[in-house]
Amino acid sequence: MKQLDLRRFPGFFAITLACVFVLYAPLMVVAVYSFNESTSITRWGGFSLSWYADVFTGPESPKFQRAALNSLIIAVLAGSGATLIATSAAVAMHRAGRFKAKTASFALINLPLMVPEVVTAVASLIFFTAIGFSGGIGTILLAHLAFCIPFAYLPIAARMQSISDSYEQAAMDLYATPKEAFRLILLPLMMPGIFSGFLLAFIISLDDFLITNFVKGAGVETLPTAIFGAVKQGIKPNIMAISTLMLGVSVVFVTLSWLIGRSGQKTQ
Amino acid sequence: MNKFLATSLIALTASAASAQELKLYNWFEYMPQELLDKFTAETGITVTMDTYDSNEALLASLKAGKLGAYDIAVPGDYMVKILGDEGMLGSFTPDEIPNHGNIEEQWLNVPFDEGRKSSVPYQWGSTSFAVNRDVFDGDINDTAIIFSPPEELAGKINVLDTSGETLTLASMHLAIPQCTSDRDQLKALNALVTEAKASWASFGSDVAKDVLTSGDAAAGMIWNGFSAKARNEGANIEYAYPKQGVIVWMDNLTLLKDAPNRDSALAFMNFMLEPENAAALTNFAQYSGGVKGMAEFLDPEVANSPENNPPEGTKTVFVEACPEEIQVMYDAIWTNLKK
Amino acid sequence: MAAMAPGGASNSEIYKGNAGKLLLPTWLVIGFFLLIPVALMAIYSFLTKEFRGGVIWEFSLTAYDQFFLNRGLFGDEPPSIEWTYIGIFWRSIWQAGLATVLCLLIGFPTAWFIATRAPRDRTIWLLIVTVPYWVNLLIRTVSMKFLIRDEGPLNALLLSTGIIDAPLGLINTNLAVQLGLFYSYLPFMVLPVYAAVERYDFALSEAAADLYASRWTILRLVILPVVKPGIIAGCILVFVPSLGAFLAPDLLGGAKSFMIGSLIEEQFKGAAGNWPFGAAAAMILMTIVMIVLLVYARSQTREAKA
């Protein structure tokens, strides 16, 4: 009898290629057309970088630059805030033994993952309206902070699970205070997880459209809301150039987090 | 010494002025950046602008806590009335705006703002629909194009995503009054739009121009100036003047209640009542202005466009603001339609 | 991203007694900016609507009544079941369910293929599959819209090669929404399934093969039951966000037929201005999602016991 290769199923490779094709085709088409000379988005008029120049110097560039800056500020602040909170929570969940409300805390941390985004958006709008708070990027920041926590928590908790407390115990046996044990032993060990957590939270904040669109204050746009407003009036080549730039940024980020994740695995 | 005082005074006022700002809430694609830059250069007031895509969306947003965040919005006639009735408008006296006298006579004593105490004209124009002439070359001057379309257009129609204009055009198609409480008429209206929806491709206001230029739609409800822009961008479309009539509207720079920068708002209104600036706006938006003395600054192509010059005898209708007990029925029809 | 269970390998007690302090920020932030808002939303769903947006603080069941009961256009006919909103929910559930099945059909073989590569190649493949996920959802939806519109590259290609002689007319259809959902959430399926397959012990397959089971029998009777938790996690990660999606129906569906997300959005940002009704619809959506998650959690604990 011929030995079956049990890892192989006919057609799976083809489906994988199809999957990759489906994932990339729209993005690639947009990337290609972003280099289109012609103002008409559907006809090819030769290779040109003019739309990239337009993104940085064109008439709409101040609007998009401000929006990009807002997005960045919000994502950095919400990402780092959520990471701090999630780190503290992860230490509690993995180093404080059993305590009252542990299950409830666990459910709470994951709550933002379980509530559909549109519900979070509506609830936040009602809340901020009810308390009469409509300050600039503040509303966006607070809403993002809350729903970024579980995304920051996931990689940190995953990392914590594989860190035995014997190093800290050893340090404390050598008269390290709990604070020193945390700062000198646990924190460095947690670092790869903390970094992935921050990246994840950062990207999630950067990605958000729906909640931002519901709670944003007067005169405040983030990159997604600015792009949404623009594409409603037509997918213009400058939007494609922005999209392609964002694709590039994403590739850099993923590669970065992958490299860091790999170095994290090595140090362990 | 005097000279020193004068320079420092100027410097002081300039620095105070540069800190001033204006929060403007406007329709999308309705304000050229150059004009805002000019305003900032002249007054030192920086402008932040947000956009919306329907009168109803403006109202919803103001209701959702944005009142007090903006100085000026640009509602259409009936929405000025509604905002006024809701107590959401600020007010001024004509002498607070030096150029108040530039408002054209016919737009001064308007029913939605008698004597212009809360608003000044921005642009006025019409709403009907445009048809791609490559797809359909028959008679387009009939609302049947939208509500019982010919075969060539069925399934390729975009309608404005706003109950005010869309249901009013449907009422005109049926020749029933607006804000009717007659059950049979309301039922007929409901039946008409529900049935017509089968031949509509999409609902969208901000997309109205793009669907025509990109070919996603072959006909679409649209505003006259927006239609002119689509034509200028290469779409072979014609703006229709249906025999049932067109909707006429006027959008107005309107002072909102609790405006955080009331002085900036009035300065901006004054600026926009300057004939040259009103004309620059008109050349951009391609509707019509309501300010005296604009003619010499107008782009002849805009002034003479077929979209801005309806044929003699075109019937015109303003959208009415219905009382609450009637509006809820129109809201029900709209929700029922969009399910 | 199935939730990481507490405790686990490191049930250490170094910071015993400090849990309250360490968890306080979490409780404050999520409590204040999610729990209280959702509770407030629940209250709003029982209030009276104010004409054209906002609420009046008077108890009312009108929002739920409007959702479930049809009293005619004028509100005075004898009530019968209102199918409009149930229909919108049903269509959303159907669309989200179909997207989930499609993602599974494509995602499982992909995850399997990747997990059976040599370890070095795996990371490369994983990277390839995850990069699109990191691209903004809005950008991805817009890209899809650009690709499939009647005057877009896909139709141009098919027309020029003579495969079709009229544009497919995909844009602004339920099919386009479906395509958008599938495209948006496909990586959510691949990752958890991959994680499950990677841990799969191939000795099980070998044992089955020794008993003369065919390749597909092994898949059906051995592999699928073992990697089921990963599949279920993937399904939930696709189904839940699809259910409340807003961008796909709005941009790809032409805002023509409501899905749950756009129905709720319309109540707050559009013409309807009916806050209690929007809050009620959001409550019903959340209830459905919570039921799905509870069923999932129960099946997990059952499996853990078994």
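Counted without the sites themselves, the longest stretch of chain B free of GluC sites (Glu not before Pro) in a DSSP loop having at most 12 other beta carbon atoms within 10 Å is B:152-311. Take each residue in B:157-165, count the other chain C-beta atoms within 10 Å of its C-beta, and the mean is 2. Screening chain A for whole DSSP H helices of 15 Å or more along their axis (Cα) with average Kyte-Doolittle hydropathy at least 1.6 returns A:12-33, A:117-130, A:187-207. The gain in end-to-end length when the C:L157 to C:I128 segment is fully stretched comes to 7.9 nm, 0.36 nm per residue minus the alpha carbon separation. Computed from Cα positions, the angle between helix B:33-43 and the longest principal axis of chain B comes to roughly 20 degrees. Neighbours of B:N55 by Cβ distance under 12 Å: Lys/Arg scored +1, Asp/Glu scored -1, total -4. Annotation for the range C:135-210 versus the range B:237-294: alpha-carbon center distance of 46 Å.
Counting Lys +1, Arg +1, Asp -1, Glu -1, what net charge surrounds A:S134 among other residues with beta carbon under 14 Å of its beta carbon? If you can, show how the numbers build up before the last one.
Numbers: positive: A:K216, B:K23, B:K63, B:K66; negative: B:D50, B:D258.
Computed value for this residue: +2.
Pairwise over distinct Cα atoms, reciprocal of the mean inverse distance: report the Kirkwood radius of the protein assembly as shown in Å, one decimal place. Don't jump to the answer; show the numbers that get you there.
On the way: mean 1/r = 0.0335 Å⁻¹.
Answer for the protein assembly as shown: a Kirkwood hydrodynamic radius of 29.9 Å.
Where does the protein assembly as shown land at 222 nm, in deg cm²/dmol rounded to the nearest 500, when only DSSP H runs of n ≥ 4 count, each adding -39500 (n - 2.57), divided by all residues?
Details: 37 runs with 519 residues, N = 913.
Calculated at 222 nm, the ellipticity per residue is -18500 deg cm²/dmol.
For the range A:92-124, trypsin sites (Lys or Arg not before Pro) are listed when DSSP marks them as loop and at most 14 other Cβ atoms sit within 10 Å of their Cβ; the list is A:R98, A:K100.
Kirkwood Rh, the range C:77-205, all Cα pairs: how many Å? The partial results should precede the final answer.
Values: mean 1/r = 0.0572 Å⁻¹.
The answer is 17.5 Å.
Residue exposure proxy: B:C179, B:C322, ordered by other Cβ atoms within 10 angstrom of their Cβ from fewest to most, comes out as B:C179, B:C322. By the Cβ rule of 4.7 Å, the protein assembly as shown holds the following cysteines without a possible disulfide partner: A:C19, A:C148, C:C103, C:C235. Averaged over the residues of peptide A:30-37, the number of Cβ atoms from other protein chains lying within 10 Å of each residue's Cβ is 2. Simple spin-label estimate for B:T314 and C:I81 gives 5.0 nm between the two label positions (7 Å along the Cα-to-Cβ direction from each Cα).
Neighbour counts of other C-beta atoms within 10 Å: give me B:D184, B:D71, B:D263 arranged from fewest to most. Each step should come with its number before you reach the end.
Values: B:D184 9, B:D71 29, B:D263 14.
Ranked by crowding around the Cβ, least crowded first: B:D184, B:D263, B:D71.
Quote the FRET efficiency, to the nearest 0.05, computed for A:I73 versus B:R262 with a Förster distance R0 of 25 Å and r equal to the Cβ-Cβ distance. According to the calculation, E is roughly 0.25.
Nearest 0.05, what FRET efficiency do B:A191 and A:A104 give at R0 = 60 Å with Cβ-Cβ as r? Each step should come with its number before you reach the end.
Values: r = 53 Å, r/R0 = 0.89.
With a Förster radius of 60 Å, E is 0.65.
Which trypsin sites (Lys or Arg not before Pro) does the range C:120-181 hold that lie in a coil by DSSP with at most 11 other beta carbons within 10 Å?
Details: sites: C:R120, C:R122, C:R140, C:K145, C:R149; in loops: C:R149.
Answer by residue number: there is no such site.
For chain B, the longest principal axis of the C-alpha atoms and the axis of helix B:2-18 are separated by about 30°.
Exceeding 31 Å between C-alpha atoms, which entries from my cross-link table qualify? They are B:K63/B:K117; A:K102/C:K228; A:K216/B:K257; B:K23/C:K145; B:K338/C:K145. Pairs exceeding the cut-off: B:K23/C:K145.
For chain A, what's the relative contact order in percent, using C-alpha pairs closer than 8 Å and at least 6 residues apart?
Values: 270 pairs, mean separation 80.1, N = 268.
Across chain A, relative contact order equals 30 percent.
Would you mind giving the average projected area, over all directions, of the Cα convex hull of chain C in nm² with one decimal? Before the final figure, lay out the partial values.
Details: hull surface 96.5 nm².
That works out to 24.1 nm², a quarter of the Cα hull's surface.
Look at the stretch B:186-195: the mean tally of other chain Cβ atoms within 10 Å of its residues' Cβ atoms is 1.
Of all stretches in chain C that contain no chymotrypsin sites (Phe, Trp or Tyr not before Pro) in a DSSP loop with at most 15 other Cβ atoms within 10 Å, the longest one is C:75-211. For the residue pairs A:K232/B:K315; B:K156/B:K209; A:K236/B:K197; B:K197/C:K49, alpha carbon separations beyond 25 Å are given by A:K232/B:K315; A:K236/B:K197; B:K197/C:K49. Relative contact order, whole percent, for chain B stands at 27, derived from Cα pairs under 8 Å and 6 or more residues apart.
Taking the inverse of the average 1/r across all pairs of different Cα atoms in the range B:83-228, what Kirkwood radius in Å do you get?
Working: mean 1/r = 0.0569 Å⁻¹.
Averaging 1/r across every pair of different Cα atoms and inverting gives 17.6 Å.
Would you mind getting me the FRET efficiency between C:L28 and C:T287? Use the beta-carbon distance for r and R0 = 45 Å, nearest 0.05.
On the way: r = 26 Å, r/R0 = 0.59.
E(calc), rounded to 0.05, equals 0.95.
No lab work stands behind these numbers, since they all come straight from the coordinates. Given the structure is predicted, the values throughout are model-derived calculations rather than measurements. Cβ coordinates were reconstructed from backbone atoms using ideal geometry, including for glycine residues, and neighbour counts include every protein chain displayed.
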